[in-house]
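Worksheet: the structure to be examined is printed underneath.
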Amino acid sequence: MTLYTQTSGSGPDLVLIHGWGLHSGIWDGLLPLLEPHYRVIRVDLPGHGRSPWDGAGTLDDMVRAVLAVVPERASWAGWSLGGLVALRAALLQPASVAALALIASSPCFTRKPDWQSAMLPELLETFAADLEQDYQRTLNRFLALQVRGAVQATEALKSLRATLHAGGPPQLAGLRAGLDVLRSTDLRGEAALLQCPALLLMGERDTLVPCSAGQAAARLFPDAQLTVVDAAGHAPFISAPDSVANTLHSFLKDTHTSPVSNPHA
């Protein structure tokens, strides 16, 4: 399986991984702020956007598919589910990830007795059940949750819906697999093995991945920086693109990443 990628800009390589139910077009508003500084490689996850679905739906399947189409020693930024993919890539193949930015993401998305800064398992179970009954309504409900509590939530929701429709609907099998990854993955025990610097960029008003999850996760990584975007929900790069771009740039300029030739561009 070869995933769909788009490459633009000039400079050190920066891989962007989107979240559940969406596609690489979600980064369109951030691109003009990144392209002057980085060669940006956007990837559609399996069964999302323009990437095919071939039945390989584990987290490691997703990671290997992304690793196959992006340059080595790139910096990676992953949003929500994409953050899990980026973190697992950095753990599975450390030489390939120079720096890691987790945007509204966490090593573990479901609440546990020793991990309260996460979603109730019942919420993801409900999404999984609803997905089988009403695919489109479930997607719309999830999009609405991503902007809850944020300033300019109505505008952000319009942007998310427009992006989803522009890239075409994700495949049901890809949505099932993504939800399963969110429900079952717990990378907290491996976080101490991370070999690259990490940025945890959280939305102050995120109701899906609370900013307290970033505080808890930062304590797990050997070299981590936490930044909270004021008044932002689960998609801070939509409601506060300048703040997110500036934070990313400040973090990445200290990693001294060198441009690498990308045969897939």
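A few comments on the model shown:
- Ranking of 18, 249 by count of other Cβ atoms within 10 Å, fewest first: 249, 18
- Taking the chain as a Gaussian network of alpha-carbon nodes connected by springs under 10 Å, the highest mean-square fluctuation of the residues 223, 28, 254 belongs to 254.
- Net charge dipole size for the chain [Lys, Arg +1 and Asp, Glu -1 on Cβ; Debye, nearest 20]: 120 debye
- In the stretch 5-252, taking the dipole from charged Cβ atoms about the Cα centre, the farthest positive-side position among 232, 198, 116 is held by 232.
- Kirkwood radius, the stretch 42-184, all distinct C-alpha pairs, inverse of mean reciprocal distance: 16.1 Å.
- In the stretch 10-126, a dipole from Cβ-located charges (positive for Lys and Arg, negative for Asp and Glu) runs towards its positive end, and of 77, 10, 29 it is 10 whose Cα lies farthest in that direction.
- Cα-based Rg of the stretch 149-265 normalised by 2.2 N^0.38 Å, two decimals: 1.23
- Mean-position separation - Cα centroids, the stretch 195-238 and the stretch 31-88, in angstrom: 19 Å
- Residues 137, 161, ranked from the fewest to the most other C-beta atoms within 10 Å, line up as 137, 161.
- Length-normalised contact order for the chain - Cα pairs under 8 Å, 6+ apart - percent: 24 percent
- In the chain, taking the dipole from charged Cβ atoms about the Cα centre, the farthest positive-side position among 91, 57, 246 is held by 246.
- Which labelled figure in (i) 32, 20, 18; (ii) 48, 22, 17; (iii) 24, 21, 19 is semi-axes √(5λ) of the Cα gyration tensor in Å, once derived from the coordinates: (iii)
- Axial C-alpha extent at least 20 Å, average Kyte-Doolittle at least -0.5 - helices from the chain (DSSP): 153-167
Any read-out appearing in this document is the output of simple, stated calculations on the displayed coordinates, not a laboratory observation. Remember, predicted model here, so these are calculated numbers, not experimental data. Please note: Cβ atoms are built from the backbone with ideal geometry, for glycine as well, and neighbour counts cover all protein chains shown.
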